[in-house]
1. I'd like to know which of A:SER417, B:VAL328, A:ALA4 lies farthest towards the positive end of the charge dipole of the protein assembly as shown, counting +1 on Cβ of Lys and Arg and -1 on Cβ of Asp and Glu.
2. Based on alpha-carbon centroids, what's the gap between segment B:1-70 and segment B:276-305 in Å, whole number please?
3. So what is the relative contact order for chain A, in percent, with contacts set as C-alpha pairs under 8 Å and at least six apart?
4. Mind checking the dipole of the protein assembly as shown: about its Cα centre, +1 per Lys or Arg Cβ, -1 per Asp or Glu Cβ, Debye to the nearest 20?
5. What number, in percent, do you get for the relative contact order of segment B:207-327 if the mean sequence gap of Cα pairs under 8 Å and at least 6 apart is divided by its residue count?
6. With both partners inside the protein assembly as shown, how many of the DSSP beta bridges are antiparallel, as a percent to the nearest 5?
7. Restrict the search to segment A:285-375; then list the GluC sites (Glu not before Pro) that DSSP places in a loop and that have at most 15 other Cβ atoms within 10 Å of their Cβ.
8. What FRET efficiency do you get for A:ILE341 and A:ARG86 if R0 is 25 Å and r is their Cβ-Cβ distance, rounded to the nearest 0.05?
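We did not get these values from a lab; they are worked out from the coordinates using the rules stated. Quantities reported herein were computed from a predicted structural model and do not represent experimental measurements. Because the Cβ atoms are built from the backbone with ideal geometry, glycine has one as well, and the counts that use them run over all protein chains shown.
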Protein chains: 2
Amino acid sequence: MGSAYEALVDRFERYGNLMYASRLLYWDQQVMMPEGGTPARSGQLSALSSASHGLLTDDETGRLIDEAADEDLDDEQAAVLREVRREYERAEPVPESLVERIAETSSDAQPEWRRAKAEDDFDRFAPYLEELRDLQVERAEHIAPDQSPYVTMWEDSEPSLSLSLVEDVFDELVDALVPLIERIEASGVELADPFEGPYPEADQRALSEAALDALGYDWDRGRLDTAPHPFMSGSQFDARVTTRFREGDPLDAVSSTIHEFGHATYQLGLREDKYANPLGMPRSSGVHESQSRFWENHVGRTRPFWEFFLDTFTEHIDGHDDLAVDEVYEAFNRIYPDNLIRVEADELTYHLHIILRSEVGRGFVEGDIAVDELPQVWNEKMEEYLGVVPDTDTDGVLQDIHWTSRFAAFQGYTIGSVLAAQLDHALRQDLDVDALVREGEFAPIREWMTEHVHRHGQRYPTDELIEVATGEPLTAEYFVDYATEKFEALYGL
Amino acid sequence: MGSAYEALVDRFERYGNLMYASRLLYWDQQVMMPEGGTPARSGQLSALSSASHGLLTDDETGRLIDEAADEDLDDEQAAVLREVRREYERAEPVPESLVERIAETSSDAQPEWRRAKAEDDFDRFAPYLEELRDLQVERAEHIAPDQSPYVTMWEDSEPSLSLSLVEDVFDELVDALVPLIERIEASGVELADPFEGPYPEADQRALSEAALDALGYDWDRGRLDTAPHPFMSGSQFDARVTTRFREGDPLDAVSSTIHEFGHATYQLGLREDKYANPLGMPRSSGVHESQSRFWENHVGRTRPFWEFFLDTFTEHIDGHDDLAVDEVYEAFNRIYPDNLIRVEADELTYHLHIILRSEVGRGFVEGDIAVDELPQVWNEKMEEYLGVVPDTDTDGVLQDIHWTSRFAAFQGYTIGSVLAAQLDHALRQDLDVDALVREGEFAPIREWMTEHVHRHGQRYPTDELIEVATGEPLTAEYFVDYATEKFEALYGL
């Protein structure tokens, strides 16, 4: 007979495989499934969720965890046990009836949110929002009765990065970004905007494929499709990218493609021998986002990248034979603070949208903001951070579907950008990134990220991983420096 | 609290949903997955199989079956209980270690089969074949210790159609088809063969889509893709068709597409309110095949169909503006008995390939044929039934991958054709099929099949379903009449 540790890992890997199966079903639903397939797919996902939850929370899992803890484990094995225990301890205390009520309420809330958004009718959605909050608070209290439910919700996405550290980072971002954006607006400078279109979808598809080719995407372990909200899905053996094509803006496809390519590099850089095991799984959503943001912003939105990629771009996108590197570089980096919608925001204002949501979410969960106060608080913060106020709740508090499932899930997007800048800084101590990008030599950059981030999987908690990879704790410093330097130059401030 | 019956159905529907999830993963593997994804997909399928097996064979399932049997059930509920009990009784007695050994041996055997086939080296594959046979016999003996293991294997695919009835049907087919094929060969008649190609894939794809449009495929609940071995996958909400494109033969794509469309009509005709429930699942592989063969042969290969479809065909396939209905009708119905390969066989000789496999399979499982005698027995039967002998085992006993998983799984293909002819006969008592097909009015035909076959799901055992749908038990008569009349006319016999 093998050890309890081995039995536990076998069990967890089955659990991990069921999660990957669910994700493939989700990918298919977004990318391939005919519309009529929804009822069947819901049943399949629900059965999978029930099966994986059962496997994880079974008494046998608890018994094996306890036994494995008494065995002689090396550092990697101890890390695996830590991660398995964490998953178990977040799932086991929650009654299955509550899990089901959350799933049902969330599912019921989605069409209500859609209707409320379409009709600009927040009151219609408010009772769902309140019930979901109450259910999520109840869940959090089962998991950790002695701490703020919001902190527990936060730990769902970032188990080992303290919320207070993240909130300090966010404060620094507000202090730096709000005045920087004001200076950009005050400058009156308009960056180049040479694209009108329409640009045929086939051309944009070829361009996206060319971008993936250039960056070194491994087509034997991936594919490119389209989705209304692009995402990446898969594992170290099969990490699929989606993108979208907007008729008038070929840069949107390029940025989506490169962003999702970044996510894919993380997945493809994980250890193959540890598939479905914590050592072969990505660390967290924030670290995942650091990889997408690194490739999107610190590679794709740089001048050296366009020195390399311009010819490929104009080869696929007709009518721009005379396009200059600076034009496309400017067009790719325009700041437009009057935008109200997070998913359409530029590289700077985006983070104020995120910080607003994080503050509103915490206030609502902790009872400082009542449900009927949400629209007003939202608008006040928009005014404070971005100087614009939406005319409708459709463009305000109702814009994101995330409220139908989670209340502390937004921070990862901004942590991703902050960590991307920190990694970029560390990377530049070792490599001449600009020269490599200018030559289209991306392999050394991918390999550096694999060496410093990907191959660790969940070997380290997030805070330790950041120190292992960059030599210091998470800090806003590098993102603020990068953003200030880049946009001061672009806008001649 | 609900009844034991309700709890049992809920449990079975979760099991059913896990099966559909597995099939989606399989569809993706064949159609979408990049090559590198194999190791991860194997892990996912194995975890799903383990989860669904666990759900089905759990003590709780047995307890609920016993309790439900004492409840007051209506006819439909009794049918559900019968089917659930059957699944349980086929899975529960088999030790999990044996299930795993079968899965592993089957998986190990596949690359060996591939190599043996490539190198025409039967001896290399023989030990795997023997081990697989022994393991499958062991499994069958766990399920039904008192009957021939071969019968148990047969019942895996057709639970309620007696093997002796099927073997009688097969004897009648041999008696009718062998002389008919000999007369065709002796006639010296060569049917038209006007296609050479190459025909571009895009044209063939458009042709296949046009065929599906014409037949009334519901694109909101399906899609068309390509696969090396076309298949249909899905449920009443999402039944996907695959086809293939051969450069020199556009009729191959048409027949594959119509065949898989037939499978899809069955799936799409099942009750939506009984998804993942036996009442909303197809009866058996033989009945499924009757639907694909009905549409392929009794619609697609008829003269009225080509009177309707010829213009659409020549619109998509260049270079045949002067094609006559009779030419394409003949080309679609050519008989070529010198072919050695089942999957490339024509409408008549195909069944002799199947009957050969059924006889060889039974003899091998029951110990009448030793493993090293298989190649010789194979060749003798080829000589007897088709008058040709393969030069190599590659084109003989090694041609099918099915031996790596099952030994009694071939009959369904021929039962499908026999039942298709029987259904066609019954249908023609109610509808003027030729006139409808000639007008491209397929809806009444689809609806008849839904009414008489699809909507019953597993309400009746196969033998009863055949009587409900056609008024009599399975008989070779209609297929023999249909084939004799059609090919005597075509070959002027």
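1. Farthest towards the positive end: A:ALA4.
2. 25 Å
3. Working: 659 pairs, mean separation 97.4, N = 493.
Reported relative contact order: 20 percent.
4. Taking the Cα centre of the protein assembly as shown as origin, the dipole is about 520 debye.
5. Values: 161 pairs, mean separation 25.4, N = 121.
Result for segment B:207-327 is 21 percent.
6. Values: 10 of 16 bridges.
In the protein assembly as shown, DSSP labels about 60 percent of beta bridges as antiparallel.
7. Working: sites: A:GLU289, A:GLU296, A:GLU307, A:GLU315, A:GLU327, A:GLU330, A:GLU344, A:GLU347, A:GLU359, A:GLU366, A:GLU373; in loops: A:GLU347, A:GLU366.
Passing sites in segment A:285-375 are A:GLU366.
8. Values: r = 35 Å, r/R0 = 1.40.
Efficiency computed from Cβ-Cβ geometry: 0.10.
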